[in-house]
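To start, the structure under review is shown below, and the notes come after it.
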Amino acid sequence: MNRHLPFVLGCAALALGANAHAQQAPAIDLAGAQARADATVKQMTGDEKVILTHGMMPLPFLPGTKVPEGAVPGAGYVPGIARLGVPALTETDASLGVAWVGGLRKDGATALPSGLAQAASWNPGLLYRGGAIIGAEARAKGFNVLLAGGVNLMRDPRNGRTFEYLAEDPLLSGDLVGAAIAGIQSNHIISTIKHFALNGQETGRKYVDVKIAEGAARESDLLAFQIGIEKGQPGAVMCAYNRIGGAQACASDWALNKVLKGAWGYKGFVMSDWGAVPGVEAAINGLDQQSGEQLDKGIYFADTLKAKAAGDKAWAARLDDMNRRVLTAIYAAGVDKNPARPGGQIDFAAHAQVAEEVARQGIVLLKNNGALPLAKTAKTIAVIGGYADSGVLAGSGSSLVMGEGGPAATRSLGGDGPFAALMQQSYHRSSPLKAIQASAPQATITFRDGRYIADAVEKARQAQVAIVFATEWRTEGADQPDLSLPDGQDALIAAVAAANPNTIVVLETGGPVLMPWLDKVAGVVEAWYPGARGGEAIASVLFGDTNPGGRLPVTFPASLDQLPRPKLDGSDWVEPNFGGDPAPGKDQLHSDYDIEGSDVGYRWFARKGLKPLFPFGYGLSYTSFAARDLKVSGLSASFTLANTGQRAGDDVGQVYLVRRNGAPLQRLVGFKRLSLAAGASQSASVTFDPRLLADWKDGRWTMPAGEYGFALGRNAAELGPVVTIKLPARAWKD
């Protein structure tokens with residue numbers, strides 16, 4: 001049962017829940033697109049049928065690569081078929097904007113804040129706006145496919161790609177990624193959703209084998225993808241590097257054929273991740289397009305695939321289906337009728353404003369003893385660490401986006417290989433120091449880079465307030481060894497706080513970190529990787545121009561011992577070289593997700609009775625709020641949020657299922673972000689997706705009859721009174 005009409009079944013509206021979006025996306029005529037695709041396939045020759053099934057990376061620094069005419073330097077290029085009016089596919093990374101690719105194009109792009117920063121807004125409409133601007137920039141640069149839509153759940157906070165993804169909860173992740181995809185595709189380009197599926201770590205990512213029961217997968221990671229596909233209707237799904245039950249994700253008959261295309265009825269195409277294709281048999285198992293073919297051991301989806309189709313009717317039918325799916329996505333998005341060409345106009349100033357708004361809404365206030373907001377009349381401020389004089393940190397890998405002129409500062413950590421440029425620690429040209437100076441023009445402001453603790457402590461002692469910027473860099477291809485701040489920053493913060501009780505810590509992190517100094521500081525602001533205008537957004541929160549309304553989309557654990565896997569699988573023997581190669585004689589790496597099953601993140605903490613450092617959904621404000629009057633009827637609920645303080649601000653109502661037939665459990669089933677003037681209150685309503693109330697058993701969703709208890713929460717750990725209703729038994733298939 002699908003509550004939302006998906007791309008898979010022929011929905012007429014691309015952006016579902018559009019009342020939350022800033023604009024409507026263009027309508028999809030899926031039936032018409034499929035009919036056109038069928039007609040085109042019938043006209044294709046045998047040679048033409050293996051044109052759309054594989055693509056290369058048009059990057060001149062790759063050995064032996066000649067960039068084809070018409071290709072734009074970026075992630076991928078798939079030639080078109082001019083005779084049939086089929087355009088080439090020009091592909092670029094990623095979810096945060098048009099990737100930098102080492103500056104090959106000699107241009108820049110607007111960098112959205114990290115995925116976690118976007119998700120911390122709990123605002124689907126804002127993600128739609130962000131998707132719309134990065135989709136527009138991709139189109140203006142000549143790209144018609146954006147490799148966006150990262151939605152893997154955070155099963156381990158050490159994952160190097162956590163910053164790219166959104167949350168640990170399937171509802172929050174699915175709603176948000178669907179909105180972002182809809183925004184991207186409003187530009188008549190194709191967006192992916194990725195990485196399908198269960199891609200929970202970078203360590204040994206090409207051979208780690210995930211073990212998980214189908215029910216647990218369906219209720220967690222797969223549900224996030226399912227909701228995202230239904231709401232965003234992406235033209236393509238990108239499969240993952242890892243193995244699932246022994247099979248490579250890009251050759252998993254269960255994941256691609258049985259679930260995605262079978263149970264869900266998905267009609268778009270599945271492209272591989274770059275270098276993730278084990279062989280031509282992946283086509284029979286559901287893969288439609290081989291991407292970045294130089295990175296695989298062979299080009300499997302060209303002559304080899306053609307020969308298979310020539311000698312076997314089943315392979316011939318599969319090849320026709322592969323082409324039909326790629327063409328359906330092209331026609332549904334209007335890629336052929338609205339060609340993307342390099343040299344389009346980009347309103348960078350307007351796009352920067354959107355990026356800044358995303359950063360403002362996503363910044364989370366974690367601690368405040370009254371020191372914040374800072375007074376603009378402050379006399380002396382010490383700013384310490386984090387390259388705050390230069391810019392704000394960016395996550396690295398294929399999603400690295402840089403503005404015109406490139407990074408404000410870099411630190412090379414990636415060796416001298418062809419992808420070294422993707423492994424640089426880079427900073428956007430948005431200096432928090434300059435923004436702080438602009439916010440407090442009368443203050444004497446000093447900066448110390450924090451390399452020498454004694455120097456930083458002396459300046460902190462001389463100032464009314466000390467602001468320490470702490471950074472934690474993450475990248476695709478490597479996981480974090482632990483959750484500490486690197487480069488001795490924990491010791492720096494502790495020393496500065498000992499010298500000045502009014503110490504504020506601004507965190508620029510790619511995920512959760514531990515805070516051994518938490519009790520010693522006056523305030524903590526989680527700014528994530530805040531993007532192109534991050535410095536300005538941070539200053540606006542510090543000085544109260546923005547009242548922080550962000551809420552954590554992930555749990556911050558109090559220690560590694562609280563995690564389902566305190567020791568990261570493979571961390572003791574996998575070489576950390578862009579995804580990790582096995583040590584000699586070792587190629588078997590297993591990760592048991594059945595430990596937590598579908599109880600990812602806050603659900604694991606609730607199940608085990610653990611107290612995190614900061615819970616999922618947590619966030620403070622400069623005002624106060626009250627959440628009340630939860631009423632539940634059937635599959636919907638209403639509640640009231642009231643601003644009981646003296647400042648306007650945003651709050652997020654969070655509705656959780658907390659009990660079923662007397663048994664405790666915890667699942668986010670609805671949320672709504674509201675902006676409230678001081679003293680104002682507003683009612684809101686949410687509708688429950690029945691899958692969040694159900695279990696996946698025996699090939700279907702099952703809701704037992706009985707009593708269901710719901711609570712309105714400040715966060716996952718602070719819940720209001722339980723409201724209980726009776727619901728009838730239900731069972732249904734996808």
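The values are calculated or read from the model by the stated rules, or taken from the named source; none is laboratory data. Since the structure is predicted, the reported quantities are computational estimates derived from the model, not experimental observations. Note that we place each Cβ from the backbone using ideal geometry, even for glycine, and neighbour counts take in every protein chain shown. Ligands, DNA and RNA are excluded from the accessible area calculation, which covers all protein heavy atoms including side chains. Shrake-Rupley method; radii C 1.70, N 1.55, O 1.52, S 1.80 Å.
Selection over the stretch 50-105 of residues that are of a type in the set (A, V, I, L, M, F, W, C) and under 25 Å from G405 (Cα atoms) gives a count of 15. Residues that are in a strand (DSSP E or B), modelled with pLDDT of 80 or more, in contact with a Ser or Thr (Cβ under 9 Å, 6 or more places away or on another chain) and of a type in the set (A, V, I, L, M, F, W, C): does the stretch 393-401 have at least one? Checking the stretch 393-401: at least one residue is in a strand (DSSP E or B), modelled with pLDDT of 80 or more, in contact with a Ser or Thr (Cβ under 9 Å, 6 or more places away or on another chain) and of a type in the set (A, V, I, L, M, F, W, C). Give the stretch 187-200 a look and list any residue that's crowded, with 24+ Cβ neighbours inside 10 Å and at positive phi, or say none. Residue satisfying the conditions is L198 alone. Checking H188, H195 one by one, the residue that is of a type outside the set (S, T, N, Q) and over 24 Å from G477 (Cα atoms) is H188 and no other.
Considering only residues that are among the β-branched types (V, I, T) and assigned to a loop (DSSP other than H, G, I, E, B), look in the stretch 42-69 and name the one that is surrounded by the fewest Cβ atoms within 10 Å (Cβ to Cβ). Top of the filtered list is T45. Checked against the criterion of being under 30 Å from V652 (Cα atoms), β-branched (V, I, T), open to solvent by less than 20 Å² (accessible area, probe 1.4 Å) and under 24 Å from the mean Cα position of the chain (by Cα), the stretch 341-355 contains one or more residues that satisfy it.
Those strands (runs of 3 or more DSSP E) of the stretch 416-499 that lie entirely within it include none in which at least 2 residues are farther than 30 Å from Y165 by Cα, of a type outside the set (G, A, S) and without any contact (Cβ under 8 Å) to a residue 40 or more places away in the chain.
State all residues of the stretch 579-609 that are modelled with pLDDT under 95 and either within 30 Å of N547 (Cβ to Cβ) or part of a loop (DSSP other than H, G, I, E, B) (or both); if no residue qualifies, say none. G579, G580, P582, A583, P584, G585, K586, D587, Q588, listed by residue number. Within the stretch 702-720, being in contact with a Leu (Cβ under 9 Å, 6 or more places away or on another chain) and in a strand (DSSP E or B) holds for M703, G706, E707, Y708, G709, F710, A711, L712, G713, N715, L719, G720. From the list G80, G108, the one residue that fits, being out of contact with any strand residue (DSSP E or B) (no Cβ under 7 Å at 6 or more places or on another chain) and among the small types (G, A, S), is G108. Where strands (runs of 3 or more DSSP E) fall wholly inside the stretch 610-690, the ranges with 2 or more residues that are under 23 Å from the mean Cα position of the chain (by Cα) are 649-660, 663-676.
For G275, indicate whether it is of a type in the set (G, A, S), in contact (Cβ under 8 Å) with a residue 40 or more places away in the chain, surrounded by fewer than 24 Cβ atoms within 10 Å (Cβ to Cβ) and closer than 30 Å to A167 by Cβ. Here the answer is yes, as G275 does meet what is asked.
Considering only residues that are open to solvent by 20 Å² or more (accessible area, probe 1.4 Å) and in contact with a strand residue (DSSP E or B) (Cβ under 6 Å, 6 or more places away or on another chain), look in the stretch 464-488 and name the one that is nearest to L552 (Cα to Cα). Talk me through it step by step, then tell me what you get.
Pass one, the stretch 464-488, residues open to solvent by 20 Å² or more (accessible area, probe 1.4 Å): 464, 473, 478-482, 484, 486-488.
Now drop any that are not in contact with a strand residue (DSSP E or B) (Cβ under 6 Å, 6 or more places away or on another chain), which leaves 464, 473.
Working: Q464: 30, W473: 19 Å.
Restricting to residues being open to solvent by 20 Å² or more (accessible area, probe 1.4 Å) and in contact with a strand residue (DSSP E or B) (Cβ under 6 Å, 6 or more places away or on another chain), the top hit is W473.
Which of the residues spanning the stretch 610-651 are over 14 Å from R551 (Cβ atoms) and among the charged types (D, E, K, R)? Correct list: K611, R628, D629, K631, R647. Looking only at the stretch 635-657, decide whether some residue is open to solvent by 20 Å² or more (accessible area, probe 1.4 Å), in contact with a Gly (Cβ under 6 Å, 6 or more places away or on another chain) and within 23 Å of F556 (Cβ to Cβ). Yes, the stretch 635-657 contains at least one residue that is open to solvent by 20 Å² or more (accessible area, probe 1.4 Å), in contact with a Gly (Cβ under 6 Å, 6 or more places away or on another chain) and within 23 Å of F556 (Cβ to Cβ). Within the stretch 515-542, if we keep just the residues that are open to solvent by less than 10 Å² (accessible area, probe 1.4 Å) and part of a loop (DSSP other than H, G, I, E, B), the residue that is nearest to A350 (Cα to Cα) turns out to be G531. Of all residue pairs spaced 6 or more apart or on separate chains, those with beta-carbon atoms under 9 Å, a first member in the stretch 688-706 that is open to solvent by less than 10 Å² (accessible area, probe 1.4 Å) and a second member that is polar (S, T, N, Q) are F688/S636; R691/Q226; A694/T702. Residues in the stretch 619-634 that are surrounded by 18 or more Cβ atoms within 10 Å (Cβ to Cβ) and closer than 27 Å to S220 by Cβ: G619, A627, L630, V632.
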